[in-house]
1. Could you calculate the contour length gain from N143 to S13, that is, 0.36 nm times the residue separation minus the distance between their Cα atoms, to one decimal place in nm?
2. For I19, list long-range residues whose amide hydrogen, built 1.01 Å from N in the peptide plane, is under 5 Å from its own amide hydrogen.
Amino acid sequence: MNDLINEIEEIVSIESNLIKNESIVALKHVSTGKYLSSIENLCYTTGSKLQLVFSDSQLAYTYYKSSITEHTEVCCGGNKFKFSWEFKHSKLKNHQEYEYLKSNDIINLSTYRRDTSQNLFLRSHDIQFTIGSDNFQEVVCHNERLGGNDEWCIELIKQG
């Protein structure tokens, strides 16, 4: 009987950490521990001039270049733009293709850039930029070799 109870408790524990459709999640940059964020009406002053995305507060979706690193800007475009992000488990070689993500899984995020037929990966790093008197940690998209700056921890906030 104890084995059955333990098995049920384990299943409930696993199920409670699964990320399903319409779950609310946070993305934490593994290297810096900062969260992917955005602030309404805080926009780039160059390039797209759209709402910023950054580690600790912002995200963007256009093909404008960062004035600092020349990587692709990341911004928020609302419903105006139709971009989809795909994820891959960055560390798990034997991960099942259709298995659910779990809270605290480490992933890489990519989007497809149609005009160059390239997959671009979401990256953050220690490079900062300033808007007004505030400093922000840059988040960009790139098509270079993947590394630690491209890893994000997905954290379950509310299950869908």
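1. Between N143 and S13, full extension yields an extra 43.1 nm.
2. L101, K102, S103
Bear in mind these aren't lab numbers, they're just calculated from the coordinates by the rules spelled out. Remember, it's a predicted structure, so these values are computed and weren't measured experimentally.
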